[in-house]
Amino acid sequence: MGIVGGLVTARWSWGLIRDAGAVLLDYLPQHEDLPSEIREVIEGNGGEITDLHVWQLGPGHHGAIIALRSSTSETVDFYKEKLAAIHELSHVTIEVQPA
């Protein structure tokens, strides 16, 4: 019984380590298409993304840090307004550099 208990505990602890490590390393699952959605919105409005970081804050909530080069004179508020349509984004930081 001790061996069975040890195996059950080992299986549970491996799952806990894997899940906690994913959160600590800002892991975004491969099936998540949020980065491509962000790219479509930004690059469709005259911006070129130079740096993009997306991570999960909690279930259904993501954060993003976006650095972009703008060929137009659009402001940070303009891009935040465009990204507001993506409901999964709960926290967005944007840096705009003029082209």
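Only the coordinates and a few stated rules stand behind these numbers; no lab work does. These figures come from a predicted structure and were not determined experimentally. Cβ placement follows ideal geometry from the backbone for every residue including glycine, while neighbour counts extend to all protein chains displayed.
Give me the angle, in degrees from 0 to 90, between the Cα long axis of helix 2-24 and the longest principal axis of the Cα atoms of the chain, rounded to the nearest 10. Tilt relative to the chain: about 10 degrees. Once the Cα atoms are used to define both axes, helix 34-43 deviates from the longest principal axis of the chain by about 10 degrees.
Hey, could you get me the Stokes-Einstein D for the chain, Kirkwood radius over alpha-carbon pairs, 25 °C and 0.890 mPa s, rounded to whole µm² s⁻¹? Reported coefficient: 158 µm²/s.
Just the number, please: percent antiparallel of the DSSP beta bridges in the chain, rounded to the nearest 5. Before the final figure, lay out each step's value.
Details: 10 of 19 bridges.
Once the DSSP bridges in the chain are tallied, antiparallel ones form about 55 percent.
Selection among Ala10, Trp55, Val41 by position relative to the dipole of the chain gives Ala10 as farthest towards the positive end (Cβ unit charges, Cα centre).
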